[in-house]
Amino acid sequence: MAREVRKGNCHYCGYLCGFDVTVEDGRIVDVKPDPTRYPYSPTVAARCRRWRMNLDDLDAPDRLNFPMKRVGARGSGRFERVSWDEALDDIAARLRALREEFGGRTLASAIGGPHATYWPLHRFMSQFGSPNNMGIGQICWNPRIWMDAVTFGWPTESELGDNTRAMMLWATNPAESDNSLFWTQIRAKHNAGVPLVVVDCRKSKTALAADVHLMPWPGTDAVLALSLIHVVLQEGLFDRDFVERWCTGFEGLRAHVAPYTPDEAQRVTGVPADDIRRAARIYATNGPALLLSGRGIDQLGPNTEPTVRALCLLRAITGNVDRPGSCYVNERSGFRQEAHMERPDLFARDERAFQLNPTRLQSYAGYDLVNGQTERFGRTLPERYLTSAHPGLVMRAMRDGTPYPVRALLVMGANPVLTYANTQLVLDALASLDLCVVADYRMTPTAQLADYALPVAAAFERPTCQIHGGVADYAYGGAAAIRPLHERRTDYEILRGLALRLGMGAEWPAATLEDEYDVLFEPAGLTFQQFAEQGIYAPQPTYRKHEAPGADGAPVGFATPSGKVELASSLLEQLGGSRYPQPVLEAVAHADLAHGMVALVTGARFQPYWASSYFQNAEFRAWRPFPRVHMASATAQALGLAEGDWARISNERGAAVLKVAYEDMPLGVASAEYGWWLPETPAGAPGYSGALVSNVNLLTDNELSACEPLIGTWTYNGLEVFVEKVACPGEFAAVEENEESK
Ligand SMILES: Nc1nc2c(c(=O)[nH]1)N[C@H]1C(S)=C(S)[C@@H](COP(=O)(O)OP(=O)(O)OC[C@H]3O[C@@H](n4cnc5c(=O)[nH]c(N)nc54)[C@H](O)[C@@H]3O)O[C@H]1N2
Ligand SMILES: Nc1nc2c(c(=O)[nH]1)N[C@H]1C(S)=C(S)[C@@H](COP(=O)(O)OP(=O)(O)OC[C@H]3O[C@@H](n4cnc5c(=O)[nH]c(N)nc54)[C@H](O)[C@@H]3O)O[C@H]1N2
Ligand code: SF4
Ligand SMILES: [Mo]
């Protein structure tokens, strides 16, 4: 028997850790962390519970192995196996007919967390003639990219270095969300005496480790951030030299933050004024300092833009910009940028006007304005991701046919029934389509609503390569260890198969994803094979690039209209936004415990699951069997609940049932997990494998008028909902009984 050890990469989170894969006759028989490749650390391998899944998952009975075509009514969950030719011929023919009738814009696409390579999908959308690619950008990552870009001229990368002297983590919980090295490194630094400030509206695992934990009322973070700036300015703790030489709008900022005293901030946020002063001093007097923000503030509706931007200003006035040990402005990538791989040139410019997306920054208008600046430094922002259409409008166009009919959808690497806002809207929208194609590993609740569920090759069966949209100069990944099992294919091959059938093959010359990766790495002087040997491409970053002389001998500065860090943003003002961050207090959720109402945040990450993924894993389910809603014991008491009770959380849109667990957070606040479904329960309507029992997105919404107007951010954190005690839902009764008898 031929036995051989090959290289492969895990893909159960974004780190793509390197593995040694033992292969026997084309099948994987063993996997072990590869100590020679990125980002190996014995702690990662020991802490991560997911990587062992790699072996079982290859042949798991619930994996999709063949193209499946719907045979029952839509949503019935009844499918039959068909050949790839039959599936792709039919999909292409139906797409062609729909385009003839309604135009290319009638096709939408949906992506999710950064698991996959999205430029092939976006290239397909450009060629097909649709501007309606949707994603999760409005509430994940894009706010940070946009605010960095308007403030510093390009996205920045937080950096933890040997010389880092203070750390501030804002609305991010790497202790649960980050399986890799980062959290281990933060803890090591902290143990070595580097102070850690955590800002989180609850006592997360990360907050438990902090020297100072600021616990604001959800959604009031912009006020808190402005107050920190207030203290830094008032106490003269700012970096005078950096501000004078490299920032615009400093005096205006001083006036702007004058009202945000620590006392005023305490009144609005609930954080003690003395803690605000302490945190500001720790951050500002211990440079270089790291400040990293996370999804907690990316999902605050109208308060996302001012919060994320205020944190850019805090970094700027303390000189923590392009400085080792704090953050650096990313270089232009040495490999081909995503913007080039996705081929925006194939998309007819006239069609842009039809995009379902009236936002001002996260739109073609905003993209052109900001990219016009960054292009001066040869850096192109990923176009499709940063201009993605607004799901609130696209889903309604599917359901209602207005402003024009959206009749077809391609879903790749997403499970919108669990993860997009307003589940009922998603169900109605998907149910009304003429053609819905879902490519996934499993028959997810979203796939259950499809006309075709297509089997996708997963880790070890395909090459991997994470390029972060090409906004940074680093990439990691590796080669496939084996050929895809059964009839699984890569997303690339699926899209190429469709493109060929639609007469668009000229732009897909490479037969495989590996060949396309060769094209991607060409400018870096690497083949994909060479890249894969190392598993990482990461040239040493450079710092203080703004001081480097340009062609005329003068420093090049920053890629903003003024050439400086814009404390007062000329670009946001041009787009009808505010020069300085403006908190929107009307959008903050209130609680009214006497009437059973709390302010709910949703989606705080927890192990071992990932969004809607891994709920099929029996071991994981035995460890974490119940969906939980956390709250302080005093809140529970006021609501007539105790730890372990089941709570029905509801609003005008719907209800979800979760189990109460105690955690320290402000009185009147609750935090619900997201992503829960029960793959072992029947597929198809009405239950969609338990997707409608504990799914908090039954409560959320992305209706445009409630969204932030520049980026289009909706609210996952800060919903006014009612909570009441209920009996254990039938779906959980057996597990509950079992747990109780233990
Ligand atoms: N209420 C609430 N909702 C949220 C959030 C929240 O905090 N609260 N967070 C939001 C955020 S930040 C995100 S990123 C999203 C995540 O939302 P999603 O990305 O929709 O969630 P996942 O469970 O990661 O779903 C990914 C699906 O893609 C499949 N998949 C994985 N890799 C591939 C691949 O390479 N190709 C294909 N074709 N399929 C693949 C998986 O099997 C899985 O079914 O959820 C968002 N929704
Ligand atoms: N285990 C696991 N890991 C994951 C994922 C997963 O689903 N599961 N998803 C991946 C994805 S797609 C992403 S985007 C990243 C996200 O990773 P993180 O950015 O670390 O996101 P969360 O873990 O949700 O942490 C957000 C924190 O913000 C807090 N928060 C919520 N609202 C507010 C508020 O208004 N103010 C303040 N100050 N805090 C608030 C929450 O309590 C929570 O602790 O994680 C990735 N890693
Ligand atoms: S950290 Fe992520 S990529 Fe690495 S082994 Fe764990 S799940 Fe896989
Ligand atoms: Mo995300």
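The table below lists the values:
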{"item": "Selection from segment 601-623 of residues that are farther than 13 Å from TYR674 by Cβ and either surrounded by 17 or more Cβ atoms within 10 Å (Cβ to Cβ) or within 23 Å of the chain's Cα centre (by Cα) (or both)", "result": "GLN607, PRO608, TYR614, GLN616, ASN617, PHE620, ARG621"}
{"item": "Filter pass, PRO259 being in a loop (DSSP other than H, G, I, E, B) and over 31 Å from the mean Cα position of the chain (by Cα)", "result": "yes"}
{"item": "Residue selected from segment 584-615 under the condition more than 21 Å from SER177 (Cβ to Cβ) and out of contact with any Gly (no Cβ under 9 Å at 6 or more places or on another chain), by the criterion farthest from ligand 4 (Cβ to nearest atom)", "result": "ALA594"}
{"item": "Some residue of segment 213-232 being over 21 Å from ALA670 (Cα atoms), free of Cβ contacts under 8 Å to residues at least 12 places away in the same chain and either in a loop (DSSP other than H, G, I, E, B) or under 24 Å from the mean Cα position of the chain (by Cα) (or both)", "result": "no"}
{"item": "Leading residue by the ranking (farthest from GLY413 (Cα to Cα)) among those in segment 82-130 that are of a type in the set (A, V, I, L, M) and away from ligand 1 (no atom under 16 Å from the Cβ)", "result": "ALA97"}
{"item": "CYS465 within 16 Å of ligand 3 (Cβ to nearest atom) and either at pLDDT 95 or above or part of a strand (DSSP E or B) (or both)", "result": "yes"}
{"item": "Which numbered condition ASP178 misses (of (1) at pLDDT 95 or above; (2) within 14 Å of ligand 1 (Cβ to nearest atom); (3) charged (D, E, K, R))", "result": "(1)"}
{"item": "Some residue of segment 385-408 being among the polar types (S, T, N, Q) and either modelled with pLDDT under 95 or within 15 Å of MET134 (Cβ to Cβ) (or both)", "result": "yes"}
{"item": "Subset of segment 116-148 (residues that are hydroxyl-bearing (Ser, Thr, Tyr) and away from ligand 3 (no atom under 16 Å from the Cβ))", "result": "TYR118, SER126, SER130"}
{"item": "Helices (runs of 4 or more DSSP H) fully within segment 1-114 counting 1 or more residues that are farther than 14 Å from SER180 by Cα and at pLDDT 95 or above", "result": "84-102"}
{"item": "Exclusive hit being within 9 Å of ligand 2 (Cβ to nearest atom) and modelled with pLDDT of 95 or more, set PRO143, PRO216, PRO195, PRO155", "result": "PRO216"}
{"item": "Segment 13-31 - residue that is in contact with a Ser or Thr (Cβ under 8 Å, 6 or more places away or on another chain) and of a type outside the set (A, V, I, L, M, F, W, C) and, of those, farthest from ligand 3 (Cβ to nearest atom)", "result": "ASP30"}
{"item": "Hey, ALA589 within 16 Å of ligand 1 (Cβ to nearest atom) and out of contact with any helix residue (DSSP H, G or I) (no Cβ under 9 Å at 6 or more places or on another chain) or not", "result": "yes"}
{"item": "Unique residue being more than 18 Å from GLU673 (Cβ to Cβ), without any contact (Cβ under 8 Å) to a residue 40 or more places away in the chain and buried (at least 17 other Cβ atoms within 10 Å of the Cβ) when the list is GLY563, GLY557, GLY550, GLY577", "result": "GLY563"}
{"item": "Extreme residue, surrounded by the fewest Cβ atoms within 10 Å (Cβ to Cβ), among residues of segment 528-547 that are charged (D, E, K, R) and under 28 Å from GLY153 (Cβ atoms)", "result": "GLU547"}
{"item": "Yes/no for PHE606 being under 30 Å from ALA60 (Cβ atoms), in a helix (DSSP H, G or I), out of contact with any strand residue (DSSP E or B) (no Cβ under 7 Å at 6 or more places or on another chain) and modelled with pLDDT of 95 or more", "result": "no"}
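The values are calculated or read from the model by the stated rules, or taken from the named source; none is laboratory data. Remember, predicted model here, so these are calculated numbers, not experimental data. Positions of Cβ are backbone-derived with ideal geometry, glycine not excepted, and every protein chain shown enters the neighbour counts.
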